[in-house]
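*Asks:* One structure coming up, written as structure tokens, with questions to follow.
What follows draws every value from the coordinates through simple rules; no lab data is involved. All of these numbers come straight from a predicted model, not from anything done at the bench. Neighbour counts run over all protein chains shown; Cβ positions are idealised from the backbone, glycine included.
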């Protein structure tokens with residue numbers, strides 16, 4: 001069964017809530033997707049699509065616990081689950097450090113979570129987000145690879161003088177978080193290490209194929225569609 | 001010497017002269033913060049180039065340092081995004097793309 005999925009983004013392209021509509025067909029169809037720039041994104045998904053729900057793989061109890069442990073070492077606490085969002089390279093916060101590292105259109109997976117830091121009087125408490133960007137690609141042998149591309153943190157608060165100390169603590173904790181996430185990646189691809197793929201694309205949400213309408217959040221979950229070579 | 005740096009140094013000297021110890025000086029994008037203690041008391045000073053931005057938002061991070069060149073053949077992409085952004089820069093705002101990033105594709 002092939003599926004035509006139409007995603008209507010309510011809060012921006014691949015961002016926030018969207019309404020999905022799947023139409024299932026017995027006939028196969030070629031893969032096509034509509035260009036960006038509209039609030040509506042239509043994907044024709046062939047029979048042979050292999051689906052990888054990144055949110056389901058990454059936002060596990062074990063991974064949440066691992067991230068929470070590293071945050072505690074930085075004096076912070078985890079205040080969200082682990083979200084996954086597809087985002088173009090031009091929208092990655094460290095893009096301007098090395099714009100030519102990828103093509104502006106290339107999509108990366110942004111794994112991110114929120115944290116809170118209690119600060120001593122008279123500082124305001126700190127709330128922020130840490131993001132780890134994953135670069136997904138096929139090599140010349142058409143095998144799937146996932147690597148950690150970079151990390152970023154941002155937070156509000158900490159005035160008048162606690163932001164610097166918090167920033168230093170987060171910078172110290174980031175290598176540990178990055179190392180743990182790097183260790184998660186081989187299991188993501190080991191099961192399909194010898195499989196060759198012809199095409200790879202992002203879908204918002206869990207990529208469900210069941211017929212009908214649904215509402216999901218593109219900032220919480222993203223999936224990979226893979227077509228066999 | 002930068003005027004604010006001299007100011008921070010002078011404040012630090014005054015604090016030490018007044019018996020404050022444990023002077024901590026931290027400089028980041030929001031300015032320079034000084035704090036020190038004396039017995040059970042303390043003093044805090046912030047020198048900020050822009051009070052409206054002082055400690056409002058802090059960011060940091062960057063790309064991984066890859067030691068080997070990746071064999072990249074196919075990447076998931078938003079085909080046509082660059083052309084769409086050139087034709088309609090307003091789209092960047094709708095997608096949350098910072099204006100400072102756009103100049104690299106214009």
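*Asks:* Residue A:32 to residue A:44: extension gain in nm, 0.36 nm per residue of separation minus the Cα-Cα distance?
*Replies:* Working: separation 12, 0.36 × 12 = 4.32 nm, distance 0.52 nm.
3.8 nm is the gain from fully extending residue A:32 to residue A:44.
*Asks:* Given points 7 Å out from each Cα along the Cα-Cβ axis, report the residue A:118 to residue A:195 separation in nanometres with one decimal.
*Replies:* Label-label distance for residue A:118 and residue A:195, simple model: 4.7 nm.
*Asks:* I would also like to ask the following. Distance from the Cα centre of the stretch B:89-106 to that of the stretch A:174-223, in angstrom?
*Replies:* 26
*Asks:* Name the most mobile residue of B:83, B:33, B:46, meaning the one with the largest mean-square fluctuation, in a Gaussian network model of chain B with Cα contacts below 10 Å.
*Replies:* The residue with the greatest mean-square fluctuation here is B:83.
*Asks:* Return an integer: the convex hull volume of the alpha-carbon atoms of the stretch B:3-47, in Å³ per residue. Can you show the working numbers first?
*Replies:* Working: hull volume 2.4 nm³, N = 45.
Per residue, the Cα convex hull of the stretch B:3-47 comes to 54 Å³.
*Asks:* Report the FRET efficiency, 1/(1 + (r/R0)^6), for residue A:23 and residue B:71, where r is their Cβ-Cβ distance and R0 is 25 Å, rounded to 0.05. Provide the component values of the computation, followed by the final result.
*Replies:* Numbers: r = 37 Å, r/R0 = 1.49.
Taking R0 as 25 Å, the efficiency between residue A:23 and residue B:71 is 0.10.
*Asks:* Follow-up question, since we're still on this one. Calculate the FRET efficiency for residue A:1 and residue A:147 from the Cβ-Cβ distance with a Förster distance of 22 Å, rounded to the nearest 0.05.
*Replies:* Working: r = 33 Å, r/R0 = 1.51.
It comes to 0.10.
*Asks:* A follow-up question, please. With springs only between Cα atoms under 10 Å apart, run a GNM on chain A and tell me which of A:192, A:126, A:90 wobbles the most.
*Replies:* Judging by the Gaussian network model, the answer is A:192.
*Asks:* Quick one: among A:139, A:217, A:127, which has the greatest mean-square fluctuation in a GNM of chain A with alpha-carbon springs under 10 angstrom?
*Replies:* A:139
*Asks:* When the Cα centres of the stretch A:14-31 and the stretch A:56-104 are compared, how far apart do they sit, in Å?
*Replies:* Between the Cα centres of the stretch A:14-31 and the stretch A:56-104 lies a distance of 27 Å.
*Asks:* So if R0 is 41 Å, what FRET efficiency would residue B:5 and residue B:87 give, r being the distance between their Cβ atoms, rounded to the nearest 0.05?
*Replies:* On the way: r = 46 Å, r/R0 = 1.13.
Step by step, r from the Cβ atoms, then E = 0.30.
*Asks:* Classify the protein assembly as shown as rounded, prolate or oblate from the Cα gyration tensor: take a ≥ b ≥ c as the square roots of its eigenvalues, call it rounded if a/c is under 1.5, otherwise prolate when a/b beats b/c and oblate if not. List each step's numbers first, then the result.
*Replies:* Details: a/c = 2.43, a/b = 2.15, b/c = 1.13.
Prolate, since a/c reaches 1.5 and a/b exceeds b/c.
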